[in-house]
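The values are calculated or read from the model by the stated rules, or taken from the named source; none is laboratory data. Just so we're clear, the structure is a prediction, and the values are computed from it rather than from any experiment. Cβ: placed from backbone, ideal geometry, glycine included. Neighbour counts: every protein chain shown. These area figures cover heavy atoms from the full protein model, side chains too; ligands, DNA and RNA do not enter into them. Shrake-Rupley method; radii C 1.70, N 1.55, O 1.52, S 1.80 Å.
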Amino acid sequence: MRLCSIASGSSGNCIYVGSEATHLLVDVGISGKKTENGLKELGLTGRDIDGILITHEHMDHIQGLGVLARKYEIPIYATAGTIREIKVCDGIGNVDEGLFHEVKEDAKFTLKDLTVNPMRISHDAAQPVAYRISYGKKKVAVCTDLGVYNDYTVECLKGMDALLLEANHDVNMLQVGPYPYYLKQRILGDRGHLSNENTGRLLCKILHDNLRTVLLGHLSKENNLPELAYESVRIEINMGENPYKAGDFDIQVAKRSEVTQVVNIP
(Lines give C-alpha, C1' and ligand atoms only; values in the text may rest on other atoms or scores of the structure.)
Protein backbone atom coordinates (compact mmCIF):
# COMPACT_ATOMS: atom_id res chain seq x y z
CA MET A 1 0.00 0.00 0.00
CA ARG A 2 1.26 3.50 -0.84
CA LEU A 3 0.54 7.04 0.35
CA CYS A 4 1.92 10.14 -1.36
CA SER A 5 1.15 13.84 -1.44
CA ILE A 6 1.13 15.26 -4.96
CA ALA A 7 0.35 18.72 -3.54
CA SER A 8 -0.75 19.87 -0.11
CA GLY A 9 -1.31 23.37 1.17
CA SER A 10 -3.81 26.19 1.45
CA SER A 11 -3.57 26.77 -2.31
CA GLY A 12 -4.27 23.21 -3.45
CA ASN A 13 -4.46 19.61 -2.27
CA CYS A 14 -4.14 16.30 -4.07
CA ILE A 15 -3.17 13.07 -2.32
CA TYR A 16 -2.54 9.65 -3.84
CA VAL A 17 -3.39 6.40 -2.03
CA GLY A 18 -3.11 3.03 -3.74
CA SER A 19 -2.23 -0.61 -3.91
CA GLU A 20 -0.75 -2.60 -6.78
CA ALA A 21 -4.22 -3.00 -8.28
CA THR A 22 -6.10 0.15 -7.21
CA HIS A 23 -5.20 3.82 -7.50
CA LEU A 24 -7.16 6.60 -5.78
CA LEU A 25 -6.88 10.36 -5.45
CA VAL A 26 -8.11 12.19 -2.39
CA ASP A 27 -9.08 15.64 -3.72
CA VAL A 28 -7.95 17.34 -6.92
CA GLY A 29 -7.38 20.90 -5.76
CA ILE A 30 -4.70 21.68 -8.34
CA SER A 31 -4.99 21.96 -12.10
CA GLY A 32 -5.55 18.88 -14.20
CA LYS A 33 -2.14 19.37 -15.81
CA LYS A 34 -0.33 19.56 -12.46
CA THR A 35 -2.23 16.48 -11.28
CA GLU A 36 -1.20 14.54 -14.36
CA ASN A 37 2.43 15.66 -13.97
CA GLY A 38 2.35 14.42 -10.36
CA LEU A 39 0.87 11.09 -11.39
CA LYS A 40 3.59 10.76 -14.03
CA GLU A 41 6.22 11.00 -11.29
CA LEU A 42 4.48 8.04 -9.64
CA GLY A 43 4.52 6.06 -12.89
CA LEU A 44 0.78 6.55 -13.41
CA THR A 45 -1.61 8.36 -15.73
CA GLY A 46 -5.18 9.57 -15.32
CA ARG A 47 -6.33 6.34 -16.97
CA ASP A 48 -4.98 4.40 -14.00
CA ILE A 49 -7.10 6.27 -11.42
CA ASP A 50 -10.02 4.16 -10.18
CA GLY A 51 -11.73 6.89 -8.17
CA ILE A 52 -11.48 10.41 -6.80
CA LEU A 53 -12.49 10.87 -3.15
CA ILE A 54 -13.57 14.44 -2.44
CA THR A 55 -13.42 15.72 1.13
CA HIS A 56 -15.42 18.92 0.53
CA GLU A 57 -16.27 21.53 -2.09
CA HIS A 58 -13.74 24.30 -1.42
CA MET A 59 -11.71 25.14 -4.53
CA ASP A 60 -8.37 24.12 -3.03
CA HIS A 61 -9.80 20.59 -3.06
CA ILE A 62 -11.74 20.48 -6.37
CA GLN A 63 -10.03 22.87 -8.79
CA GLY A 64 -8.95 20.18 -11.28
CA LEU A 65 -11.84 17.78 -10.66
CA GLY A 66 -13.93 18.65 -13.71
CA VAL A 67 -11.05 18.46 -16.17
CA LEU A 68 -9.75 15.14 -14.85
CA ALA A 69 -13.15 13.49 -14.45
CA ARG A 70 -14.29 14.47 -17.94
CA LYS A 71 -11.05 13.49 -19.64
CA TYR A 72 -10.80 10.03 -18.09
CA GLU A 73 -14.39 9.41 -16.91
CA ILE A 74 -13.18 8.80 -13.36
CA PRO A 75 -15.84 8.04 -10.71
CA ILE A 76 -16.20 10.76 -8.05
CA TYR A 77 -17.03 9.82 -4.44
CA ALA A 78 -18.35 12.45 -2.03
CA THR A 79 -21.12 13.09 0.48
CA ALA A 80 -24.54 14.27 -0.71
CA GLY A 81 -23.90 17.79 0.55
CA THR A 82 -20.54 18.01 -1.19
CA ILE A 83 -21.93 16.66 -4.48
CA ARG A 84 -24.71 19.23 -4.37
CA GLU A 85 -22.20 22.06 -3.96
CA ILE A 86 -19.86 20.74 -6.67
CA LYS A 87 -22.71 20.67 -9.18
CA VAL A 88 -23.41 24.38 -8.71
CA CYS A 89 -19.75 25.42 -8.71
CA ASP A 90 -19.00 27.58 -11.76
CA GLY A 91 -15.32 26.72 -11.86
CA ILE A 92 -15.78 22.99 -12.38
CA GLY A 93 -17.90 22.84 -15.52
CA ASN A 94 -20.33 20.12 -16.45
CA VAL A 95 -19.58 16.66 -15.08
CA ASP A 96 -21.52 13.60 -16.17
CA GLU A 97 -24.16 12.84 -13.53
CA GLY A 98 -23.25 9.16 -13.70
CA LEU A 99 -19.74 9.81 -12.39
CA PHE A 100 -20.99 10.94 -8.97
CA HIS A 101 -21.31 8.36 -6.20
CA GLU A 102 -22.69 9.36 -2.81
CA VAL A 103 -20.86 8.26 0.32
CA LYS A 104 -21.93 8.49 3.96
CA GLU A 105 -19.94 9.09 7.11
CA ASP A 106 -18.82 5.83 8.78
CA ALA A 107 -20.30 3.72 5.96
CA LYS A 108 -17.52 1.64 4.43
CA PHE A 109 -17.39 0.90 0.72
CA THR A 110 -15.00 -1.05 -1.46
CA LEU A 111 -13.10 0.02 -4.55
CA LYS A 112 -11.48 -3.12 -5.98
CA ASP A 113 -9.07 -4.27 -3.23
CA LEU A 114 -9.26 -1.11 -1.11
CA THR A 115 -11.83 -0.32 1.59
CA VAL A 116 -12.75 3.32 2.08
CA ASN A 117 -14.30 4.60 5.32
CA PRO A 118 -15.32 8.29 5.44
CA MET A 119 -15.28 10.07 8.81
CA ARG A 120 -16.92 13.29 10.01
CA ILE A 121 -14.83 16.43 10.38
CA SER A 122 -15.64 19.92 11.64
CA HIS A 123 -15.18 22.46 8.84
CA ASP A 124 -17.20 25.27 7.28
CA ALA A 125 -18.35 23.29 4.27
CA ALA A 126 -21.62 21.58 3.34
CA GLN A 127 -20.85 18.03 4.50
CA PRO A 128 -17.10 17.54 4.81
CA VAL A 129 -15.33 14.26 5.54
CA ALA A 130 -11.86 12.81 5.90
CA TYR A 131 -11.02 9.36 4.55
CA ARG A 132 -9.55 6.21 6.05
CA ILE A 133 -8.41 3.67 3.46
CA SER A 134 -7.38 0.10 4.16
CA TYR A 135 -5.81 -2.77 2.26
CA GLY A 136 -6.15 -5.92 4.33
CA LYS A 137 -4.80 -4.96 7.75
CA LYS A 138 -2.89 -1.94 6.44
CA LYS A 139 -4.55 1.41 7.09
CA VAL A 140 -3.89 5.02 6.13
CA ALA A 141 -5.86 8.23 6.63
CA VAL A 142 -6.05 11.62 4.94
CA CYS A 143 -7.44 14.10 7.45
CA THR A 144 -7.31 17.86 6.80
CA ASP A 145 -9.61 20.87 7.21
CA LEU A 146 -10.81 20.23 10.73
CA GLY A 147 -11.16 23.13 13.10
CA VAL A 148 -11.37 20.92 16.15
CA TYR A 149 -10.91 17.28 17.08
CA ASN A 150 -12.79 15.22 19.67
CA ASP A 151 -13.01 11.65 20.98
CA TYR A 152 -14.65 10.54 17.74
CA THR A 153 -11.72 11.91 15.71
CA VAL A 154 -9.23 10.16 17.97
CA GLU A 155 -11.04 6.81 17.72
CA CYS A 156 -11.23 7.10 13.94
CA LEU A 157 -7.50 7.74 13.59
CA LYS A 158 -6.23 5.09 15.97
CA GLY A 159 -4.32 2.17 14.49
CA MET A 160 -3.18 3.87 11.29
CA ASP A 161 0.04 2.74 9.63
CA ALA A 162 0.49 6.16 8.05
CA LEU A 163 -1.51 9.35 7.83
CA LEU A 164 -1.55 12.80 6.33
CA LEU A 165 -2.78 15.21 8.99
CA GLU A 166 -3.39 18.93 8.78
CA ALA A 167 -0.96 21.33 10.46
CA ASN A 168 -2.41 24.49 8.98
CA HIS A 169 -1.13 27.47 10.91
CA ASP A 170 1.00 28.91 13.65
CA VAL A 171 -1.36 30.81 15.94
CA ASN A 172 1.06 33.72 16.50
CA MET A 173 1.78 34.14 12.79
CA LEU A 174 -1.95 34.13 12.07
CA GLN A 175 -2.78 36.67 14.78
CA VAL A 176 -0.16 39.21 13.68
CA GLY A 177 -0.51 38.47 9.97
CA PRO A 178 -2.31 40.38 7.20
CA TYR A 179 -5.61 38.49 7.21
CA PRO A 180 -8.74 40.48 8.12
CA TYR A 181 -10.20 39.88 11.56
CA TYR A 182 -13.18 37.82 10.37
CA LEU A 183 -10.91 35.43 8.45
CA LYS A 184 -8.59 35.00 11.42
CA GLN A 185 -11.61 34.13 13.57
CA ARG A 186 -12.84 31.65 10.97
CA ILE A 187 -9.49 29.84 10.82
CA LEU A 188 -9.16 29.76 14.61
CA GLY A 189 -12.75 28.60 15.12
CA ASP A 190 -14.17 25.12 15.58
CA ARG A 191 -15.01 24.90 11.86
CA GLY A 192 -11.68 26.26 10.65
CA HIS A 193 -8.26 24.62 10.65
CA LEU A 194 -5.95 22.85 13.09
CA SER A 195 -2.97 24.78 14.41
CA ASN A 196 0.47 23.19 14.62
CA GLU A 197 0.09 22.77 18.37
CA ASN A 198 -3.32 21.11 18.16
CA THR A 199 -2.03 18.77 15.48
CA GLY A 200 0.75 17.70 17.83
CA ARG A 201 -1.75 17.19 20.65
CA LEU A 202 -3.99 15.08 18.43
CA LEU A 203 -1.02 12.99 17.37
CA CYS A 204 -0.16 12.36 21.02
CA LYS A 205 -3.50 10.57 21.38
CA ILE A 206 -3.07 8.28 18.35
CA LEU A 207 0.62 7.36 18.35
CA HIS A 208 1.32 3.64 18.52
CA ASP A 209 4.17 1.22 17.89
CA ASN A 210 3.25 0.42 14.29
CA LEU A 211 2.73 3.97 13.04
CA ARG A 212 5.31 4.34 10.28
CA THR A 213 4.95 7.86 8.89
CA VAL A 214 3.12 11.11 9.60
CA LEU A 215 2.83 13.64 6.78
CA LEU A 216 1.96 17.13 7.97
CA GLY A 217 -0.22 18.74 5.31
CA HIS A 218 -2.42 21.67 4.30
CA LEU A 219 0.05 24.26 5.60
CA SER A 220 -1.00 27.89 5.19
CA LYS A 221 1.26 29.83 2.86
CA GLU A 222 0.80 33.05 4.85
CA ASN A 223 0.50 31.74 8.41
CA ASN A 224 2.96 28.87 8.70
CA LEU A 225 6.41 27.65 7.75
CA PRO A 226 7.39 24.01 7.09
CA GLU A 227 10.16 24.16 9.71
CA LEU A 228 7.83 25.74 12.24
CA ALA A 229 5.10 23.13 11.71
CA TYR A 230 7.64 20.31 12.01
CA GLU A 231 9.25 21.63 15.21
CA SER A 232 5.98 22.63 16.86
CA VAL A 233 4.49 19.18 16.34
CA ARG A 234 7.66 17.51 17.60
CA ILE A 235 7.65 19.67 20.76
CA GLU A 236 4.02 18.75 21.51
CA ILE A 237 4.81 15.04 21.13
CA ASN A 238 7.90 15.27 23.32
CA MET A 239 5.98 17.18 25.99
CA GLY A 240 2.85 15.02 25.74
CA GLU A 241 1.62 12.46 28.23
CA ASN A 242 2.51 9.43 26.14
CA PRO A 243 5.39 6.94 26.15
CA TYR A 244 6.75 8.14 22.80
CA LYS A 245 9.14 10.78 21.58
CA ALA A 246 8.99 12.54 18.23
CA GLY A 247 12.17 10.78 17.13
CA ASP A 248 10.39 7.43 17.35
CA PHE A 249 8.42 8.24 14.18
CA ASP A 250 9.06 9.41 10.65
CA ILE A 251 7.51 12.88 10.53
CA GLN A 252 7.59 14.78 7.23
CA VAL A 253 6.03 17.96 5.89
CA ALA A 254 4.10 17.55 2.65
CA LYS A 255 5.24 20.06 0.05
CA ARG A 256 2.97 22.73 -1.37
CA SER A 257 3.61 21.97 -5.04
CA GLU A 258 5.97 19.01 -5.18
CA VAL A 259 5.40 15.29 -5.00
CA THR A 260 6.62 13.92 -1.67
CA GLN A 261 8.55 10.72 -1.24
CA VAL A 262 6.17 7.77 -1.45
CA VAL A 263 5.32 6.16 1.88
CA ASN A 264 5.33 2.39 1.33
CA ILE A 265 3.50 0.20 3.82
CA PRO A 266 4.68 -3.39 3.29
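Are there any trypsin sites (Lys or Arg not before Pro) in region 170-205 that are in a DSSP loop and have at most 16 other Cβ atoms within 10 Å? List them by number.
Arg191
Of the peptides 44-53, 17-26, 81-90, how do they stack up when ordered by the mean number of other Cβ atoms within 10 Å, highest first?
Highest to lowest by the protection proxy: 17-26, 44-53, 81-90.
At 15 Å minimum axial length over the Cα atoms and a Kyte-Doolittle cut of -1.0, report the qualifying DSSP H helices in the chain, or say none.
Length and hydropathy pass: 196-206, 226-239.
Considering only protein heavy atoms and a 1.4 Å probe, what is the carbon-and-sulfur percentage of the accessible area of region 19-177?
With neighbouring chains kept in place, the figure for region 19-177 is 46 percent.
Take the residue pairs Lys158/Lys245; Lys138/Lys158; Lys138/Lys245; Lys34/Lys255; Lys112/Lys138; Lys71/Lys112 and return only those whose Cα atoms are more than 19 Å apart.
Where the Cα-Cα span goes over 19 Å, the pairs concerned are Lys138/Lys245; Lys71/Lys112.
Averaged per residue, what accessible surface does region 1-111 expose to a 1.4 Å probe, in Å²?
So region 1-111 comes to 41 Å² accessible per residue, rounded to a whole number.
When Cα extents along the principal axes in Å is calculated directly from the model, which label among (i) 77, 49, 27; (ii) 106, 40, 30; (iii) 49, 45, 32 fits?
Answer by label: (iii).
Just the accessible area per residue of region 209-265, please: how many Å² with a 1.4 Å probe?
53 Å²
Got the relative contact order for the chain handy, in percent, Cα pairs under 8 Å and 6 or more residues apart?
Contact order relative to length: 20 percent.
Run the dipole for the chain about the Cα centre, Lys and Arg Cβ at +1, Asp and Glu Cβ at -1, nothing else charged, and hand back the magnitude in debye, nearest 20.
Charge dipole of the chain: 260 debye, to the nearest 20.
State to the nearest 20 debye the size of the charge dipole of region 180-252 about its Cα centre, where the only charges are +1 on K and R beta carbons and -1 on D and E beta carbons.
That gives region 180-252 a dipole magnitude of about 300 debye.
Considering only the other residues whose Cβ falls under 11 Å of the Cβ of Val28, what net charge follows from Lys and Arg at +1 and Asp and Glu at -1?
Neighbourhood net charge equals -2.
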